[in-house]
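No lab work stands behind these numbers, since they all come straight from the coordinates. Not measured: the values here are computed from a predicted model. All Cβ positions, even for glycine, are placed from backbone atoms using ideal geometry, and neighbour counts span all protein chains on display.
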Amino acid sequence: MAATKTAAKPTSTTRTKPVSKTARKTARAAAKPADAIKLLKDDHKEVKGYFRQYESLEDEAEKQALADKICLALTVHAQIEEEIYYPAAREAIDDDDLLDEAEVEHASAKQLIAEIQSMKAGDRLFDAKVTVLGEYIDHHVEEEESEMFPESRDSDLDLKALGAQLAERKAELMAQTA
């Protein structure tokens, strides 16, 4: 029976061929998951790169495409954290205040993402909203990486199993948007 489950699993990730580079990368990550913290840190690094790229753009079409990519990446990242990582961390670490703050930060980021998605590059305040979103994310990432992740690493969380869950859910969400 275990062989059947193992054989069935790859077909679920290969049913539709990922189109974008990000989707292919996500599918590979789901097939060979890292631990939860590495996966989340890799997401942080990727999005920080997008924000740096955005700062150098002048073409409105390029800004729009990159802002859309930023919003998608952050939406998926926030969803997997809220559905999987935060509940597990809340059980494993004794720092409800830190997790409560992270949830509030996500809510603020989601509000800005919604505002950005309702606009077009070139609109008044579009660039400012993308910039402020980047600043929010920098603050949020700093707290997660300097406080929450070390506490999680020191806990009894099974970070490999959690990483597999995160990667699988991320692949599902990315496939829905492809």
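Quick look at the numbers
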| quantity | calculated |
| --- | --- |
| Length released on extending from residue 83 to residue 41, taking residue separation times 0.36 nm less the Cα-Cα span | 13.4 nm |
| Sparsely packed trypsin sites (Lys or Arg not before Pro) within segment 116-178, loop by DSSP, other Cβ within 10 Å at most 15 | 120, 124 |
| Charge context of residue 157, other residues only, Cβ under 12 angstrom, K/R +1, D/E -1 | -3 |
| Net charge over other residues, Cβ less than 13 angstrom from the Cβ of residue 83 (K, R count +1; D, E count -1) | -2 |
| Distance in nm between pseudo-label sites at residue 58 and residue 147 (7 Å out along the Cβ direction from Cα) | 4.1 nm |
| Magnitude of the charge dipole, segment 98-178, Cβ model with Lys/Arg +1 and Asp/Glu -1, debye to 20 | 680 debye |
| Theoretical gain in end-to-end length, residue 95 to residue 48 [0.36 nm per residue, Cα-Cα removed] | 14.3 nm |
| Positive dipole terminus of segment 20-177, leading residue within 56, 166, 116 (C-beta point charges) | 56 |
| Only Lys, Arg (+1) and Asp, Glu (-1) charged, at Cβ; segment 20-177 dipole about Cα centre in debye | 1240 debye |
| For segment 161-178, 3J(HN,Hα) per residue [Karplus equation, 6.51 cos²θ - 1.76 cosθ + 1.60, θ = phi - 60°, Hz, x = Gly/Pro] | 4, 5, x, 5, 5, 4, 5, 5, 5, 4, 4, 4, 5, 5, 5, 5, 9, 6 |
| Förster radius 35 Å - calculated FRET efficiency between residue 176 and residue 128, Cβ distance, rounded to 0.05 | 0.70 |
